[in-house]
Amino acid sequence: MPSWEELRETCLACQKCRLAETRTNVVFGVGNENSPILFIGEGPGEQEDLKGEPFVGRAGKLLDDMLGIIGLDRTKVYIANIVKCRPPQNRDPLPDEQEACIGYLRAQTALLRPKIIVCLGRIAAMKIITPDFHITRDHGKWYDRAGVRMMALYHPAALLRDPRRKAETLPDLLAIEEELKKIAGTAE
Ligand code: URA
Ligand code: SF4
């Protein structure tokens, strides 16, 4: 298994899909490499592409607020995306691009060994939890995969577009907080 540093270096030089042609920076991921919780977005937007860091635009500010509600911040979680390079015009990453890139996220997950995975939005939930995930129906539900608890939240960008969904997101966040407390209680 590669180290974090080896994985990052390989990823930063990646040319495995067409998104390499239009990116400014590869957005590898950030956060605490010992965190029990991994947040997975869809792919970099404009600001992320410019800075090489996930969730630094408007949606990222909202994500920081959401983390803050349950006492978390970027030093306590790990944040990554399904695709590491920005899709042009922020279109959805295509299935072949997701497939080309998913190995990096799988390697990040293997290094991190999180207890909880939170998918941000439909694209991540369909790739990580189940292809028939419906975000309006299934957000906030727990799924168990090989001892890892998984849930999806509405994507912060969707919450910016439709703020009425914020009220629905609060109980989901509180359920994550509860689960983290349980994990801390059973930690060796
Ligand atoms: N949206 C995402 O899904 N990921 C980011 O990093 C930024 C916005
Ligand atoms: Fe490589 Fe992923 Fe970027 Fe495609 S999106 S070039 S697979 S790092």
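Being more than 12 Å from ligand 1 (Cβ to nearest atom) and open to solvent by 20 Å² or more (accessible area, probe 1.4 Å) is the filter here; which residues of the stretch 75-97 pass it?
If the condition is that a residue be more than 12 Å from ligand 1 (Cβ to nearest atom) and open to solvent by 20 Å² or more (accessible area, probe 1.4 Å), then THR75, LYS76, PRO88, GLN89, ARG91, LEU94, PRO95, ASP96 are the ones that fit.
Of a type in the set (Lys, Arg), within 16 Å of ligand 2 (Cβ to nearest atom) and under 17 Å from VAL30 (Cα atoms): is that true of ARG86 in this structure?
yes
Per-residue answers, yes or no, for (1) in a loop (DSSP other than H, G, I, E, B); (2) out of contact with any Lys or Arg (no Cβ under 9 Å at 6 or more places or on another chain); (3) modelled with pLDDT under 95; (4) under 30 Å from PRO163 (Cβ atoms):
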{"site": "MET1", "(1), (2), (3), (4)": "yes, yes, yes, no"}
{"site": "LYS16", "(1), (2), (3), (4)": "yes, yes, no, no"}
{"site": "VAL27", "(1), (2), (3), (4)": "yes, no, no, yes"}
{"site": "ILE40", "(1), (2), (3), (4)": "no, no, no, yes"}
{"site": "GLU48", "(1), (2), (3), (4)": "no, no, no, yes"}
{"site": "GLU53", "(1), (2), (3), (4)": "yes, yes, no, yes"}
{"site": "GLY71", "(1), (2), (3), (4)": "yes, yes, no, yes"}
{"site": "LEU105", "(1), (2), (3), (4)": "no, no, no, yes"}
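For the stretch 137-173, name all the residues that are open to solvent by 40 Å² or more (accessible area, probe 1.4 Å), assigned to a loop (DSSP other than H, G, I, E, B) and either within 16 Å of ligand 2 (Cβ to nearest atom) or within 23 Å of ALA59 (Cβ to Cβ) (or both).
Hit for the stretch 137-173 is LYS141, nothing else.
Would you call ILE176 among the β-branched types (Val, Ile, Thr), over 21 Å from LYS61 (Cβ atoms), open to solvent by less than 20 Å² (accessible area, probe 1.4 Å) and modelled with pLDDT of 95 or more?
So ILE176 fails the test.
Go through (1) within 10 Å of ligand 2 (Cβ to nearest atom); (2) of a type in the set (Lys, Arg); (3) over 19 Å from GLY57 (Cβ atoms) for LYS115 and report which single condition fails.
If we test LYS115 against (1) within 10 Å of ligand 2 (Cβ to nearest atom); (2) of a type in the set (Lys, Arg); (3) over 19 Å from GLY57 (Cβ atoms), just (1) comes out false.
Among the residues of the stretch 3-21, is any of a type in the set (Lys, Arg), on the phi < 0 side of the Ramachandran plot and away from ligand 2 (no atom under 16 Å from the Cβ)?
No, the stretch 3-21 contains no residue that is of a type in the set (Lys, Arg), on the phi < 0 side of the Ramachandran plot and away from ligand 2 (no atom under 16 Å from the Cβ).
May I ask you to list pairs of residues, at least six apart or on different chains, whose Cβ atoms are under 7 Å apart, with the first in the stretch 67-93 being closer than 14 Å to LEU120 by Cβ and the second being at pLDDT 95 or above and exposed (fewer than 14 other Cβ atoms within 10 Å of the Cβ)?
These pairs meet every condition: LEU67/ASP73; TYR78/GLU33.
How many residues are touching a residue at least 60 places away in the same chain (Cβ under 8 Å) and within 16 Å of ligand 2 (Cβ to nearest atom) when one looks only at the stretch 24-42?
6
The values are calculated or read from the model by the stated rules, or taken from the named source; none is laboratory data. Everything numeric here is computed off the predicted structure, so don't read it as measured data. Because the Cβ atoms are built from the backbone with ideal geometry, glycine has one as well, and the counts that use them run over all protein chains shown. Side chains are part of the model used for accessible areas, which takes the heavy atoms of the whole protein and leaves out ligands, DNA and RNA. Shrake-Rupley method; radii C 1.70, N 1.55, O 1.52, S 1.80 Å.
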